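Remarks on the structure that follows.
Every read-out reported here was derived from the displayed coordinates using simple, explicitly stated rules and does not represent laboratory data. Just so it is clear, the model here is predicted, and its values are computed rather than measured. Glycine also receives a Cβ, built like all others from the backbone with ideal geometry; neighbour counts cover every protein chain displayed.
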Amino acid sequence: EAAAFRADPAAHPLPSGEDPFAAAARGAAALSRLATAHPGGRILVVAHNTLLRLVLCRLLGIPEGDYRRRLPVLRNDAVTELRVADGEAALMSFNVPVTAR
């Protein structure tokens, strides 16, 4: 189980956890609703580390199974900024410590 999780954590999640693909879809849908409700506005989203990484993968076209390799660390005290326009997401900043801003 552990080896399969390390190889592809989205396809082989830990027991009793939420399905990573469903979590990514749920999180991306929530962001889409927020963006639609606040066009051109700024939105603060706070969520669990793994959910944020899965949603970033979904929005940026990165396979969800690569979230631990492609986005290995998301600090608790950092800002990640996305720009969403016309259904497309662009990563403007990633994992920038609050003290550096």
Between the stretch 5-29 and the stretch 62-98, what's the alpha-carbon centroid distance in Å?
17 Å
Work from the charge dipole of the stretch 2-75 (Cβ charges, +1 for Lys and Arg, -1 for Asp and Glu, about the Cα centre) and give the residue of 50, 67, 35 farthest towards its positive end.
35
Hey, in the GNM for the chain with a 10 angstrom Cα cutoff, which one of 24, 89, 37 fluctuates hardest?
37
Efficiency by 1/(1 + (r/R0)^6): what FRET value for residue 45 and residue 99, r their Cβ-Cβ distance, R0 = 22 Å, to the nearest 0.05?
0.60
Using unit Cβ charges (K, R positive; D, E negative) and no other charged atoms, how large, in debye to the nearest 20, is the dipole of the chain about its Cα centre?
280 debye
Cα-Cα separations in the stretch 18-69 greater than 12 Å, expressed as whole percent:
62 percent
Could you state the principal axis extents of the C-alpha atoms in the chain, from the largest down, to the nearest angstrom?
44, 30, 21
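As an exercise, identify the trypsin sites (Lys or Arg not before Pro) in the stretch 1-65 lying in DSSP coil whose Cβ has no more than 16 other Cβ atoms within 10 Å.
The qualifying sites are 42.
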Residue of 56, 82, 14 that the Gaussian network model of the chain assigns the largest fluctuation, springs spanning Cα pairs under 10 Å
14
